[in-house]
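Please read the structure below before turning to the comments.
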Amino acid sequence: MLILTGAAEEERILFHHIRGYLKEAPSDMPVDVVLTKTEQNLTITKKGSHAQINYGDLRMLARGFCLLNERLDRDFELKESLRFTELTLMLDCSRNAVPALATLKALAVRLAMMGYSSIQLYTEDTFEIEGYPYFGYMRGRYSKKELKEFDQFCMELGMELVPCIQTLAHLGSALRWSAFHEFTDIGDILLAGDEKTYDFVEAMIRSCAETFHSRTIHIGMDEAHLVGLGKYLKQNGYEERNSILCRYLSRVLEICKKYDYHPMMWSDMFFRLASRDGEYYDENAHIPDSVIDMVPEEVSLVYWDYYTEKKESYDRMIAEHQRFANEIVFAGGAWKWRGFAPGNTFSLSASKAALASCAEHHVRRVMVTAWGDNGGEASHFSVFPVLQCYAEVCFGHEPEEAWLEQRMKACTGENYRDFLAADLPNLLPGIRNDGWNNPSKYLLYQDVMCPLFDRHTKEAYVEAYRKAAERLREAAEGSKNFGYLFDTLAALCSVLEKKSRLGVHIQEAYLEQDKKRLEELAKETIPETLHLAEVFHETAAKQWQRENKIFGWEVIDIRLGAVEARLRSAASRIQAYCAGELNRLEELEEPRLFYDGRTDEDREDLSVAPECWHDIVTGCKMLL
């Protein structure tokens with residue numbers, strides 16, 4: 001039991017917020033804790049019933065409370081020094097899954113206990129702007145009141161809540177509405193050079209300034225591949241796009257300066273425009289000095305890289321970024337954007353290489369991103385091991401597994417190895433574990449009568465999914481607060497135990513004219529699979545409603561409802577064929593091809609990585 005002696009009000013408020021999240025202490029003996037604010041670093045000393053915490057800022061104190069609490073059964077002294085001055089989680093709130101306020105607070109407390117200094121909520125159009133009612137319409141956007149409440153909560157935890165928006169591209173959800181067509185360039189990109197665009201951008205930034213205490217802002221500007229090639233091209237003719245981008249950036253920075261903001265932006269467009277193929281990581285690309293000189297020094301450049309396990313790649317890209325006069329921020333990835341299951345094991349491998357390079361090259365500001373591409377299907381809490389890894393490296397520790405296990409248990413109350421097991425739906429024989437590959441998504445959503453991925457399956461998947469479901473049910477039983485997360489993944493694996501090879505079995509029976517087997521599949525296997533799909537649907541709904549606003553769930557509802565409808569349709573067609581009502585099932589006569597065009601000689605590696613639902617469910621055209 002920790003008893004604060006002579007604590008200041010802000011220290012007591014912080015302790016009040018985290019006290020209920022602290023792991024049960026190994027000793028019931030009351031310990032008097034004296035707190036002293038120093039200039040830097042974290043030092044904790046305990047002797048008998050007395051303890052001293054010297055800390056640099058409140059987020060260090062939150063971490064200090066956690067470190068002390070887990071060691072109350074012994075005397076010790078622990079010193080930690082920061083490798084990185086700033087450690088941020090960027091949480092995607094724009095891919096349909098908009099975390100509820102309670103979810104944000106529960107996550108923020110655990111981040112504070114790990115030692116994070118800030119949170120960025122990635123909000124493309126999911127925040128409120130006066131005068132633009134279609135911005136975030138029917139998307140679960142945050143009100144100013146909600147964001148102000150969370151901003152204050154973060155301040156009390158010693159963390160900064162930084163607005164993270166888009167001021168050029170990635171605005172497709174808003175630009176779909178006719179209210180924005182007048183200043184849309186092409187696709188999801190705003191029209192550079194148009195005053196209505198700058199009025200709109202200023203409205204965004206003004207809304208942030210009125211809502212957040214932070215004077216740091218992330219203005220996005222990544223992946224604007226077609227900037228200047230739509231309406232801008234028609235109005236102005238072709239212009240060198242680095243010039244368009246830099247002029248546009250200058251206007252956005254003027255607006256930021258008006259509201260006393262220190263901006264950061266993604267750096268990829270400078271690299272893409274220097275690459276013949278538009279690639280960010282093109283080793284042959286060279287950014288001209290003239291372009292480097294055009295980038296205003298006041299904007300920090302965020303180098304994002306989620307994909308490589310080789311430190312040398314990070315070394316090269318950081319060196320390229322350091323050619324700019326701008327401060328560099330590194331952003332790595334906690335993979336949770338390829339379906340319902342996370343990719344913790346790959347994320348850890350890539351993150352360790354990235355963080356080692358950042359430390360060596362004196363990058364002082366580090367961010368870990370938790371995207372939710374194509375629907376935000378995975379739990380926001382599913383990447384705890386990666387979040388813990390970033391924190392421990394930040395505070396000077398090597399990311400050794402035993403240490404990460406101990407610290408994650410203390411900060412979250414959860415088992416490190418159980419959360420690594422959350423990866424199991426995508427860890428299959430013949431599938432590379434490189435973050436991209438997502439069999440649990442394409443095998444769930446693909447059709448059983450017109451499948452696109454049957455050539456990418458093995459019979460061994462059935463047993464692999466049976467074992468995975470069993471392991472995940474064990475994790476659910478052992479979890480203190482997140483059993484529902486593992487229940488969802490276990491239910492998913494139970495569906496895939498039946499469904500992963502169902503299309504193969506149906507076609508085999510049809511081509512062999514084995515009507516007895518076809519009837520068994522239609523009357524037994526498909527109904528069993530349908531029941532498991534309905535159970536998963538219900539379980540996924542509970543997870544969503546526990547973590548997110550309801551907006552966006554309709555997309556997952558539609559997707560899972562389609563799985564169920566197509567299973568019913570499959571059973572109906574097969575039974576009609578077996579009864580002689582249909583003389584053929586022409587979809588089962590279509591030869592099955594590899595999704596990615598490979599040949600049989602490549603069959604040992606079955607890896608394939610479709611990103612979007614509409615690329616998985618049918619070979620027919622979805623977008624007319």
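The values are calculated or read from the model by the stated rules, or taken from the named source; none is laboratory data. Keep in mind it's a predicted model, so treat the numbers as computed, not measured. Glycine also receives a Cβ, built like all others from the backbone with ideal geometry; neighbour counts cover every protein chain displayed. Remember, those area values only see protein heavy atoms, side chains included, never the ligands or the DNA or RNA. Shrake-Rupley method; radii C 1.70, N 1.55, O 1.52, S 1.80 Å.
Evaluation of S572 against the conditions (1) polar (S, T, N, Q); (2) open to solvent by 50 Å² or more (accessible area, probe 1.4 Å); (3) under 20 Å from N374 (Cβ atoms) shows that the sole unmet condition is (3).
Every listed requirement among (1) touching a residue at least 24 places away in the same chain (Cβ under 8 Å); (2) over 23 Å from F346 (Cβ atoms); (3) open to solvent by 20 Å² or more (accessible area, probe 1.4 Å); (4) of a type in the set (K, R) is met by R517 save one, (1).
Listed by position, the strands (runs of 3 or more DSSP E) inside region 4-81 whose residues that are under 22 Å from Y116 (Cα atoms) and touching a residue at least 40 places away in the same chain (Cβ under 8 Å) number at least 1 are 42-47, 76-80. Going through (1) within 30 Å of Y484 (Cα to Cα); (2) surrounded by fewer than 20 Cβ atoms within 10 Å (Cβ to Cβ) one by one, D92 falls short only on (2). When region 248-265 is filtered for residues that are open to solvent by 60 Å² or more (accessible area, probe 1.4 Å) and within 20 Å of H170 (Cβ to Cβ), only R251 remains. Residues in region 166-182 that are buried (at least 20 other Cβ atoms within 10 Å of the Cβ) and assigned to a loop (DSSP other than H, G, I, E, B): Q166, T167, L168, A169, H170, L171.
Put simply, of D194, D277, D282 the only residue that is surrounded by 14 or more Cβ atoms within 10 Å (Cβ to Cβ) and within 29 Å of the chain's Cα centre (by Cα) is D282.
Looking at the structure I just gave you, is E534 over 25 Å from the mean Cα position of the chain (by Cα) and under 30 Å from S94 (Cβ atoms)? Don't jump to the end; show me each part of the working.
Values: over 25 Å from the mean Cα position of the chain (by Cα): yes; under 30 Å from S94 (Cβ atoms): yes.
Taking the combined requirement at face value, the residue satisfies it.
Go through (1) farther than 20 Å from D282 by Cβ; (2) open to solvent by less than 80 Å² (accessible area, probe 1.4 Å); (3) in a helix (DSSP H, G or I) one by one and return the number of the condition F270 breaks. Failing condition for F270: (1).
Within region 524-540, how many residues turn out to be in contact with a helix residue (DSSP H, G or I) (Cβ under 7 Å, 6 or more places away or on another chain) and open to solvent by 70 Å² or more (accessible area, probe 1.4 Å)? Residues meeting the conditions: 1. Taking region 347-399, which residues are charged (D, E, K, R), surrounded by fewer than 24 Cβ atoms within 10 Å (Cβ to Cβ) and in a loop (DSSP other than H, G, I, E, B)? R364, D373, E398, listed by residue number. Looking at region 210-247 only, could you name the residues that are among the aliphatic types (A, V, I, L, M), touching a residue at least 40 places away in the same chain (Cβ under 8 Å) and open to solvent by 30 Å² or more (accessible area, probe 1.4 Å)? Listed by number, the residues that qualify are L226, L229.
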